[in-house]
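The values are calculated or read from the model by the stated rules, or taken from the named source; none is laboratory data. All values reported here derive from a predicted model rather than from experimental measurement. Please note: Cβ atoms are built from the backbone with ideal geometry, for glycine as well, and neighbour counts cover all protein chains shown. Surface accessibility is based on the protein's heavy atoms, side chains included, excluding ligands, DNA and RNA. Shrake-Rupley method; radii C 1.70, N 1.55, O 1.52, S 1.80 Å.
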Amino acid sequence: MLNLKNAKTFFENGAVNHLHPILKELSAKRVFLVTGKASFKGLHNYQAIRSALSGYSVFHHFEFEVNPNHTDIAAGAAKVNAFNPDVILAIGGGSVMDTAKILSIVPDSKTQIAEIIQSGALPDSAPIPLILIPTTAGSGSECTQFAVVYIGDQKFSLASPSLLPNYCILDPECTWSMPPRLTAISGMDALSQAIESFWAVASTPQSREFSKQSIQLNLSVFKQVVTNPDAASREIMLKASYLAGQAINITKTTAPHAFSYYLTKKYDIPHGQAVGMLLPVFMAYNFVSNDPNINVEELHNRISDLCAALNVTDGESAVNKIKDLMVTGGIYLRFSDLKMTRPSDFEEFFDKVNIQRLGNHPVKVKRDLIDYILQISC
Ligand SMILES: [Fe+2]
């Protein structure tokens, strides 16, 4: 899917300085600012952002959960309606950007928020212009037409070109204040998205090129950006994250993401942590699949291309490489660390995922997946 809004994108250190000219271009006077609770004020370039916003009427919205639910969205939409902004500006990670994306399209709707989320029937156009500024290098949400939202424990992935931003400001300096663990978790999300997109049924030559570049950039700096970041490694990781976003905007994600949401909600672990735990499991699972319904030759070619991108020669080395990155990032968890040890824990884990929605995964995911979890990550 093309970026139908053709978001104007700026990518450079100091790119937040484009904010003021963009607001002028939009003739904006009232800015609805969406950020995280605490992280915003800790940004390295916080003062530059504040001065870009000086002279504007700003409503600062930050009261919502890390994984936003429909009541957060409804409360946010009420604030948007009351404030009547000319533009919505999100400065934050994936949840912040997803919240802002949904808020840019729902306020005018007469339909109840929960109904819109459950039906997935989003308005065709966004009534309020949207500017996205990522402050983590991971979700790639700044360039996707998707937004994740929960109703209770149930996760919904909204999809519509109207969720794309009008402007995207990628300023690596916005990621400088990320602590090592958040850097690792975010980088692992980007890596998982790029890898999943690469093996996705829906992948295309263009999406695989985005994925390959993303994987290679990510791996070239992952350890450095976690342990000893500098301007260059921060910039490269933000680019890797953006490219992974471009890749999944075409393909969507696959089984590691589909299964990760249960772990995040049930065990309250970050999204990138959850996908990072599952990625080695599915790598091993895909590598030895003998599903009679798939084109084995095509799968093996795809896997060997993936191994080349990961700079390893075989599936086992690929699995170990991901685990090694998780250990370096201090985010390596086993399922047993989550106290998932009883057979019933794994049965529930498997049953909670809608297998019908795994059609984009390159091999059929069956109950023997649990054996791989026990083998790889317990
Ligand atoms: Fe993700």
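Annotations
- The residues neighbouring ARG367, those whose beta-carbon lies less than 12 Å from its own, together hold a net charge of -2 under the Lys/Arg +1, Asp/Glu -1 convention.
- Environment charge of CYS307, counting only residues whose C-beta is closer than 11 Å and scoring Lys/Arg +1, Asp/Glu -1: -1
- Once the Cα atoms are used to define both axes, helix 255-267 deviates from the longest principal axis of the chain by about 70 degrees.
- Annotation note: trypsin sites (Lys or Arg not before Pro) in the range 80-169 located in DSSP loop regions with a Cβ neighbour count of at most 10 within 10 Å are LYS110.
- Volume of the Cα convex hull of the range 235-378, divided per residue and given in Å³: 123 Å³
- Sequence-distant lysines (8 or more away, or on other chains) whose Cα lies within less than 16 Å of LYS79: LYS101, LYS110
- Within the chain, all pairs of alpha-carbon atoms sorted by distance into 20 Å bins from zero give the percentages 30, 58, 12, 0.
- Protection proxy ranking, peptides 268-280, 133-145, 202-214, average beta carbon neighbours within 10 Å, highest first: 133-145, 268-280, 202-214
- Counting 0.36 nm for each residue step from ASP291 to ALA121 and taking away their Cα separation leaves a gain of 57.7 nm.
- Local charge for PHE350 was computed over the other residues whose Cβ lies under 12 Å away, with Lys and Arg +1 and Asp and Glu -1, and equals -3.
- Debye equation applied to the C-alpha atoms of the range 1-137, log10 I(q)/I(0) at 0.14, 0.21, 0.22 Å⁻¹: -0.64, -1.43, -1.55
- What you get for the chain, charging only the Cβ of Lys and Arg (+1) and of Asp and Glu (-1), is a dipole of about 580 debye around the Cα centre.
- Working value for the range 196-278: equivalent-ellipsoid semi-axes of 22, 20, 8 Å, each the square root of 5 times a Cα gyration tensor eigenvalue, largest first.
- Taken along the Cα-to-beta-carbon direction at a fixed 7 Å, the label points for HIS60 and ARG342 span 4.6 nm.
- Over the range 60-207, accessible surface divided per residue gives 32 Å², non-protein components excluded, 1.4 Å probe.
- Spin-label pair LYS223/ASN320, simplified geometry with 7 Å Cα→Cβ offset, distance in nm: 1.4 nm
- Placing +1 on the Cβ of every Lys and Arg and -1 on the Cβ of every Asp and Glu, with nothing else charged, gives the range 222-378 a dipole about its Cα centre of roughly 420 debye.
- Heavy-atom surface analysis with a 1.4 Å probe gives the chain a carbon and sulfur content of 50 percent of its accessible area.
- Antiparallel DSSP beta bridges within the chain, percent to nearest 5: 20 percent
- Nearest-0.05 FRET efficiency for HIS20 and ARG181, computed from C-beta distance (R0 41 Å): 0.80
- A dipole drawn for the chain from +1 and -1 charges on Cβ atoms has a positive end, and of GLN224, PRO129, PRO180 the residue lying farthest that way is PRO129.
- Dipole check for the range 171-222: with +1 at the C-beta of Lys and Arg, -1 at the C-beta of Asp and Glu, and the Cα centre as origin, the magnitude is about 180 Debye.
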